[in-house]
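Bear in mind that the values in this text are calculations on the coordinates, not laboratory data. As the structure is a computational prediction, the values presented were derived from the model and not from experiment. Cβ placement follows ideal geometry from the backbone for every residue including glycine, while neighbour counts extend to all protein chains displayed.
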Amino acid sequence: MEYPDPKRKSNMFGKLLMAAAVTALCIIMLKHSPSFSTPTHFSRHEKGVTHVLVTGGAGYIGSHAALRLLKESYRVTIVDNLSRGNIGAVKVLQDLFPEPGRLQFIYADLGDPDAVDKIFSENAFDAVIHFAAVAYVGESTTDPLKYYHNITSNTLMVLKSMAAHGVGTLIYSSTCATYGEPEKMPITEETPQVPINPYGKAKKMAEDMILDFSKNSDMAIMILRYFNVIGSDPEGRLGEAPRPELREQGRISGACFDAARGIIPGIKVKGTDYKTHDGTCIRDYIDVTDLVDAHVKALQHAKPQNVGIYNVGTGKGRSVKEFVEACKKATGVDIKVEYLPRRPGDYAEVFSDPTKIRRELNWTARFTDLQESLGIAWRWQKAHHNGYSSS
């Protein structure tokens, strides 16, 4: 009589167990691979539909741009780490465009190379509008490394992933801060770029990197250098809601509204001894609706193997004192003003010459009444006392 060998039985069981484990591991790996995943509207190209990645799309400008793109039937993916943006803005957009394949939100940091590569691997983008960036001049002078990392390094991550995954169009959101303090006004696209603060320097580095890359690439590239942004969605769906801890660094419009609402006792105007007609800085204030329109026109006119660089402004400068007076009229509040020494890294006068963008992209600023733009933004502020959390 033969008896079964217990060692042989044990070896057979071990082999079966190992085979089952390997099979299970393969299934898990396949399920996590883009090719095995159930295809979605966002993971495939679709004829007649342009899928745009909007980085920083939960922010002030990015959310307004996403709204405009969605209204014009683009497919939109927003990527944002919410360090400066608002999830409330994304929820507004999701409520407005709930249909499948219209809008998706991905929470991610563009400084994480694995996360960025995963986003590009799992989505079929046709174009990228790159807004994501920290953007306060004063903060950039006190924490410059944050700006070089967040702006220059993160743009490199986006550009590398675009190249690796064959995304053919980039609209880069740059700034007039790359020009520094030019000797002649108005600023044209040929004005020498001599930035005087880390924010402007980091943006110029990103521009230089994009331009160097473009020399051996078929990518369609548009660089928009825009000026001081104000206003909000005329229909009252979106607005500007900076985090409370960033109010001190924020835009003058935000400070005016906070003062008008009594959140702060008044506004602080930094610098009254500039060589301007009233001693305060002069800036070119561009309404966010016009700015978004410029981005859409840039996207529509982008051509392979071509780089377009454009100033986006009104062509007219307004002083800080003039701005404050317009804000007083728009809000109906006699805002208290405190005058202080200059802010580090600021410059006296900056306004654009928009001739090139008007000629080549058929774009011109339409919302140029300062008081009217501030009035529209003020209505949103009054209806959203705690930002998007009160909407």
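Values as computed for the structure displayed
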item: Kirkwood-based Rg to Rh ratio, segment 176-255, C-alpha trace; result: 1.05
item: Modelled label reach - Gln300, point 7 Å along Cα→Cβ, segment 352-376 residues with backbone N closer than 18 Å; result: 356-367
item: For segment 50-390, convex hull volume per residue from C-alpha positions, Å³; result: 121
item: Nearest-ten-degree value, helix 6-31 long axis tilted from longest Cα axis of the chain; result: 30
item: Using θ = phi - 60° and Karplus 6.51 cos²θ - 1.76 cosθ + 1.60, couplings along segment 269-286 (whole Hz; Gly, Pro as x); result: 9, 9, x, 10, 10, 6, 7, 10, 5, 10, x, 9, 4, 10, 9, 9, 8, 10
item: Cα centre as origin, Lys/Arg/Asp/Glu Cβ charges: segment 241-391 dipole, Debye; result: 160
item: Helix axis angle, 154-164 relative to the chain longest principal axis, alpha carbon, degrees; result: 50
item: Nonlocal amide H pairs with Ile282, under 5 Å, H built at 1.01 Å; result: Glu349, Val350
item: Sequence-distant residues sharing a close amide H with Phe131 (under 5 Å, placed H); result: Thr55
item: In Hz, Karplus ³J(HN,Hα) per residue of segment 289-302 (6.51, -1.76, 1.60; θ = phi - 60°; x = Gly, Pro); result: 5, 5, 4, 4, 4, 5, 5, 5, 5, 4, 4, 5, 9, 5
item: CD proxy at 222 nm, helix term only [per DSSP H run n ≥ 4: -39500 (n - 2.57); per residue of the chain; nearest 500]; result: -12000 deg cm²/dmol
item: Segments 209-215, 279-285, 86-92, 357-363 sorted - mean Cβ within 10 Å per residue, highest first; result: 279-285, 86-92, 357-363, 209-215
item: Electrostatic dipole magnitude of the chain [Cβ: Lys, Arg +1; Asp, Glu -1; Cα centre; debye, to 20]; result: 520
item: Set of segment 166-200 residues, backbone N closer than 16 Å to the point 7 Å along the Cα-Cβ line of His149; result: 199
item: Whole-Hz couplings from phi, Karplus 6.51/-1.76/1.60, listed for segment 85-98; x for Gly and Pro; result: x, 10, 5, x, 5, 5, 5, 4, 5, 5, 5, 6, 10, x
item: Relative packing of 295-306, 52-63, which averages over residues the other C-beta atoms within 10 Å, highest first; result: 52-63, 295-306
